[in-house]
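Quick notes on the structure that follows.
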Amino acid sequence: MRGIPASDPAPGVPSARPAPYGAHESDSLGRIHGEAPASHRGEYRRDRERIIHSTAFRRLEYKTQLFVNHEGDLYRTRLTHSIEVAQVARSTAYRLGLNEPLCEAIALAHDLGHTPFGHAGQDALNRCMQSHGGFEHNLQSLRVVDRLELKYPQFPGLNLTFETREGILKHCSKKNARTLGPVAQRFLERTQPSLEAQLANIADEIAYTSHDIDDGLRADLITVPRLREVELFGQHFDAVEREFPQLRARRKTYETIRRIRKRLAADLIEASQAAIDDAGVDSIDAVRAHPEPLVRFSESMREKNQALKNFLREHLYRHERVHRMNREAAKVVADLYGAFFEADHRMPDEYQGMAREAADRDGDSGRARVVSDYIAGMTDRYAISEHRRIFNEKIF
Ligand code: MG
């Protein structure tokens, strides 16, 4: 039996070729280390494939998004989060006439520098690194793709294009920007990144807001009645209930979340296209020179989305159970940092060697950076097992 034929592409859907304001490979600022062109697949697809084959990407499977990995098999991890971000980024990029492979590469790489245990892990590592330049996951994502992945004989890192690296570096202090060269220049000059980078950033927000509702409900940390008080959720939930009154609760919330994600994406496309048209930008250079970002929600959607984010912050991210996990996670990271910094023979041979070299070059701060790279690369469960091995103490 034949299925129902897929509908024809909607009229007005742009072609796969980027619009003039999108990123074109012919205008790329290139890679740090010279390489033969990636003629058959294109430069941004090559970036995407290098990211997918990296060790850091595979480790995202066992890193916390909101819940520590072993809490349950159905929760998002950093890997599934990154894939969801890539999906939102790709489909909205297509509608806006932006470069899809570039958007996808940025989305897949955006969390590569995350420590185990999510933000709690990052904050703890940052505290440990205070006198050695601090720790920030964005900068670490760039460090992973520029230096830490050792996969190719000709160069350290993945040697990604400037545009992918620019998108990975979402935020950066002026102090750090001064040390990073061209990729961070915009934080000193206050210019914008490509529209693809702007889009990947907002796709991250759309993805985590919608999947955190799902995970929060699944874990019973938030409830549908409370969520209904938030306009964006309430409005879509009511519509689903009117249309499908018999549907079981779980499917109602799935459908509500799907509609929220779709509505956010539709608003983003419409408002961004209007902003792009109004600004009259006709090249990536014009986008970079424009005084403000052009990928954005409409003002009313921005407010509704903010109200939903506020709800999640108050009721989910600050929930006592999440707090408890975070406190234990912070202890694991701080204990490991202390243990490795004090005695680097506790680290694998490779890292001991790097710590010695870094100490010769940059003293304690060099050694601290190697310890921080080692810890940041750990998965949740590896960090827990290392902690158990060294301290023989049961945490989690
Ligand atoms: Mg993210």
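Here is how the numbers come out for the structure above:
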read-out: Residue in segment 264-280 that is surrounded by 19 or more Cβ atoms within 10 Å (Cβ to Cβ), touching a residue at least 60 places away in the same chain (Cβ under 8 Å) and in contact with a Phe, Trp or Tyr (Cβ under 8 Å, 6 or more places away or on another chain) present; value: yes
read-out: Residues of segment 175-195 that turn out to be surrounded by 13 or more Cβ atoms within 10 Å (Cβ to Cβ) and assigned to a helix (DSSP H, G or I), as a count; value: 10
read-out: Residue among Arg327, Arg313 that is surrounded by fewer than 16 Cβ atoms within 10 Å (Cβ to Cβ), among the basic types (Lys, Arg) and not assigned by TED's automatic domain parsing to the domain that holds Leu199; value: Arg327
read-out: Qualifying residue in segment 138-153 (condition: of a type in the set (Phe, Trp, Tyr) and touching a residue at least 24 places away in the same chain (Cβ under 8 Å)); value: no
read-out: Breaking point among (1) at pLDDT below 95; (2) over 21 Å from Gln306 (Cα atoms), for Glu241; value: (1)
read-out: Residues located in segment 288-327, provided they are basic (Lys, Arg) and within 16 Å of Phe233 (Cα to Cα); value: Arg302, Lys304, Lys309, Arg313
read-out: Residues being assigned to a helix (DSSP H, G or I) and away from the ligand (no atom under 15 Å from the Cβ) - total across segment 75-105; value: 10
read-out: Some residue of segment 143-161 being of a type in the set (Gly, Ala, Ser), within 30 Å of Ala274 (Cα to Cα), surrounded by fewer than 23 Cβ atoms within 10 Å (Cβ to Cβ) and over 13 Å from the mean Cα position of the chain (by Cα); value: no
read-out: Candidates Ile51, Ile32, Ile83 - the one that is more than 16 Å from the chain's Cα centre (by Cα) and not small (Gly, Ala, Ser); value: Ile32
read-out: Whichever residue in segment 60-113 is within 26 Å of Ile375 (Cβ to Cβ) and among the hydroxyl-bearing types (Ser, Thr, Tyr) and, among such residues, is modelled with the highest pLDDT; value: Ser82
read-out: Cβ-Cβ under 8 Å pairs, at least 6 apart or on other chains, segment 287-309 side over 24 Å from Thr209 (Cα atoms), far side part of a helix (DSSP H, G or I); value: Val287/Leu195; Arg288/Arg186; His290/Ala279
read-out: Flag if Glu163 is among the charged types (D, E, K, R), more than 15 Å from the ligand (Cβ to nearest atom), modelled with pLDDT of 95 or more and over 24 Å from Thr77 (Cβ atoms); value: yes
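The values are calculated or read from the model by the stated rules, or taken from the named source; none is laboratory data. Quantities reported herein were computed from a predicted structural model and do not represent experimental measurements. Cβ coordinates were reconstructed from backbone atoms using ideal geometry, including for glycine residues, and neighbour counts include every protein chain displayed.
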